[in-house]
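Here's the structure we're looking at; comments come further down.
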Amino acid sequence: MAISEFEVKRCEKELEKFLEEKRPPAHVRAQVDLDYRISGQSVEIFEVRPSFRDPSEKTEMAVAKTTYVRSQKAWKVYWMRQDLKWHSYPPAPQVRHFEEFLSLVKEDANGCFFG
């Protein structure tokens with residue numbers, strides 16, 4: 001089941017604040033930028049870059065993902081490994097609040113999200 005419209009708006013507001021801090025300067029954004037996608041009960045943060053073969057096309061590189069589990073009232077935290085599959089984030093596999101997820105990604109203590 002998807003998260004409610006109210007929760008989506010709250011997440012979008014927090015994500016906009018996060019992107020304000022983490023996005024590259026405006027003059028570099030044509031080369032690399034950050035964006036997000038909310039789909040169902042999941043939120044994904046990713047990098048957007050021009051394709052190597054065709055610069056007019058954009059490619060996305062996953063950074064972080066969280067999925068809300070209503071029965072547990074928690075957000076599960078994931079990072080993408082080299083095998084291009086989502087894996088649970090070992091230091092904090094789940095958090096209670098969406099803001100905690102954004103703090104983990106921003107801090108990136110283990111270099112899992114931004115390398």
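No value in this document is a laboratory result; all are computed from the given coordinates. Model, not experiment: these values are computed from the prediction. When we count neighbours, we look across all protein chains shown, and the Cβ atoms used for this are built from the backbone with ideal geometry, even at glycine.
Scanning the range 65-94 for residues that are under 14 Å from VAL43 (Cα atoms) and either surrounded by fewer than 17 Cβ atoms within 10 Å (Cβ to Cβ) or not basic (Lys, Arg) (or both) returns THR66, THR67, TYR68, VAL69, ALA74, TRP75, VAL77, TYR78, TRP79, MET80, TRP86, GLN94. How about the range 1-22: which of its residues are touching a Lys or Arg at 6+ places or on another chain (Cβ under 7 Å) and surrounded by 12 or more Cβ atoms within 10 Å (Cβ to Cβ)? The answer is PHE18, LYS22.
Residues in the range 63-85 that are without any contact (Cβ under 8 Å) to a residue 24 or more places away in the chain and more than 20 Å from GLU7 (Cβ to Cβ): MET80, ARG81, GLN82, ASP83, LEU84, LYS85.
Taken as a whole, the structure leaves ARG53 outside the set of residues that are in contact with an Asp or Glu (Cβ under 9 Å, 6 or more places away or on another chain), over 27 Å from ILE3 (Cα atoms) and among the charged types (D, E, K, R). Residue by residue through the range 95-115, note down the ones that are loosely packed, with under 13 Cβ neighbours inside 10 Å, more than 16 Å from LEU34 (Cβ to Cβ) and not small (Gly, Ala, Ser). Selection gives ARG96, HIS97, ASN110.
Under 6 Å by Cβ, and 6 or more places apart or on different chains, what pairs join a residue from the range 1-27 that is free of Cβ contacts under 8 Å to residues at least 40 places away in the same chain with one that is surrounded by fewer than 14 Cβ atoms within 10 Å (Cβ to Cβ)? Final answer for the pair search is ALA2/GLY40; PRO24/VAL32. For the range 28-53, the candidate set comprises residues that are touching a residue at least 40 places away in the same chain (Cβ under 8 Å) and in a strand (DSSP E or B); within that set, the residue that is nearest to TYR68 (Cα to Cα) is VAL43. For the range 87-115, the set of residues classified as over 18 Å from MET61 (Cβ atoms), part of a loop (DSSP other than H, G, I, E, B) and of a type in the set (A, V, I, L, M, F, W, C) consists of ALA92, ALA109, listed by residue number.
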